[in-house]
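These notes are about the structure you will find just below.
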Amino acid sequence: MASGEALLSEIIKCSNFAAIKHKNQRRKDPESTPYINHPIGVAYILTNEGKITDLSVIQAALLHDTVEDTDTTLDEIKEQFGDEVAGLVDEVSDDKSLSKMERKNLQIKNAPHKSYKAKLIKLADKLYNLRDLKRATPEGWSEERVQEYFVFAFGVVAGLRGINDSMERELDKLFKERSISDS
Ligand SMILES: Nc1nc2c(ncn2[C@@H]2O[C@H](COP(=O)(O)OP(=O)(O)O)[C@@H](OP(=O)(O)OP(=O)(O)O)[C@H]2O)c(=O)[nH]1
């Protein structure tokens with residue numbers, strides 16, 4: 001078991017790595033929030049609401065968009081943070097060479113087959129994005145597009161259920177507000 005100091009040092013190393021990699025990226029909200037707010041927010045949902053203390057989950061949450069959205073390679077993640085963290089980042093990354101529709105369909109199809117740790121990260125990721133959508137509409141998004149994202153997220157979350165009551169309850173509140181259900 002790593003000491004508290006070692007854990008802290010690993011978390012700061014990941015945060016620093018992600019901040020450097022996302023430095024030129026902004027969120028799509030009207031304020032153009034720095035992108036790094038998202039991975040840090042996902043990691044915070046996991047610790048604060050999900051009560052997750054597993055280091056590899058928090059590291060992978062902080063790094064979860066570096067491979068998908070920046071020039072970072074999985075080999076780089078492996079070299080810096082080890083095989084387990086790289087494996088988790090790989091599990092939660094979309095293949096950007098596919099069309100958007102293929103990527104979205106694959107997320108729904110593959111969600112039930114993800115590892116427990118990857119499912120936790122995906123739950124927190126969707127919870128963050130849905131809360132963010134509720135807070136501010138991304139530039140250029142119609143109300144219809146916002147609703148479509150909620151319906152898509154509902155489909156992904158369906159395949160992630162049964163692992164974290166607290167995050168799932170919060171997601172269900174958001175789906176209920178938009179009248180999204182199985183029926
Ligand atoms: N709600 C919200 N989302 C924003 C904002 N800025 C960037 N995003 C990102 O936009 C993605 C959802 O937008 P889409 O149009 O559906 O997907 P795309 O960017 O992959 O084409 C999410 O990425 P993703 O996690 O890679 O996509 P996914 O896994 O949810 O499909 C989300 O993190 C913002 O201000 N608000």
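The values are calculated or read from the model by the stated rules, or taken from the named source; none is laboratory data. For clarity, every value in this text was computed on a predicted model and none was experimentally measured. No Cβ is skipped: glycine too gets one built from the backbone with ideal geometry, and neighbour counts run over all protein chains shown. These accessible areas exclude ligands, DNA and RNA; they are computed on the full protein's heavy atoms, side chains included. Shrake-Rupley method; radii C 1.70, N 1.55, O 1.52, S 1.80 Å.
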*What shape does the stretch 27-91 have by the C-alpha gyration tensor, where a ≥ b ≥ c are the square roots of the eigenvalues, rounded means a/c under 1.5, and otherwise prolate means a/b greater than b/c and oblate the rest?*
oblate
*Show that you can apply the helix-only estimate: for the chain, add -39,500 (n - 2.57) for every DSSP H stretch of four or more residues, divide by all residues, and state [θ] at 222 nm to the nearest 500.*
-20500 deg cm²/dmol
*Let me have the relative contact order for the chain, percent, based on Cα pairs under 8 Å that are six or more residues apart.*
22
*What GluC sites (Glu not before Pro) does the stretch 81-167 have in DSSP loop regions with at most 16 other beta carbons within 10 Å?*
GLU139
*On average, how much accessible surface per residue is there in the chain, in Å², for a 1.4 Å probe, leaving out ligands, DNA and RNA?*
54
*Grab the beta carbon distance between LEU98 and GLU139, set R0 = 25 Å, and tell me the FRET efficiency rounded to 0.05.*
0.55
_Subset of LYS119/LYS176; LYS23/LYS104; LYS96/LYS126; LYS100/LYS176; LYS114/LYS134 violating a 24 Å alpha-carbon distance limit_ = LYS23/LYS104; LYS100/LYS176; LYS114/LYS134
*Once you've got the GNM for the chain with C-alpha springs shorter than 10 Å, pick whichever of SER32, SER15, SER56 has the biggest mean-square fluctuation.*
SER32
*Percent of C-alpha pairs per 10 Å bin, the stretch 74-157, short to long*: 16, 41, 33, 10, 0
_Dipole magnitude (debye, nearest 20) for the stretch 55-152, charges at Cβ of Lys, Arg, Asp, Glu_ = 620
*Size of electric dipole in the stretch 4-178: Cβ of Lys, Arg +1 and of Asp, Glu -1, about Cα centre, debye, nearest 20*: 580
*Translational D (Stokes-Einstein, µm²/s) of the chain at 25 °C and 0.890 mPa s when Rh comes from the Kirkwood sum over C-alpha pairs?*
146
*Point-to-point label distance, GLU49-SER9, nm (Cα→Cβ direction, 7 Å offset)*: 3.3
*Which one of PHE175, ILE11, ASN105 is farthest out on the positive end of the charge dipole of the chain, using unit charges on Cβ (Lys, Arg +1; Asp, Glu -1) and the Cα centre as origin?*
PHE175
*Just the number, please: carbon plus sulfur as a percent of the accessible area of the chain, 1.4 Å probe, no ligands or DNA/RNA counted.*
51
*asked:* Quick query: amide H of ARG26 versus all other amide H atoms, modeled in the peptide plane; which residues come in under 5 Å with a sequence gap of 5 or more or a different chain?
replied: TYR35
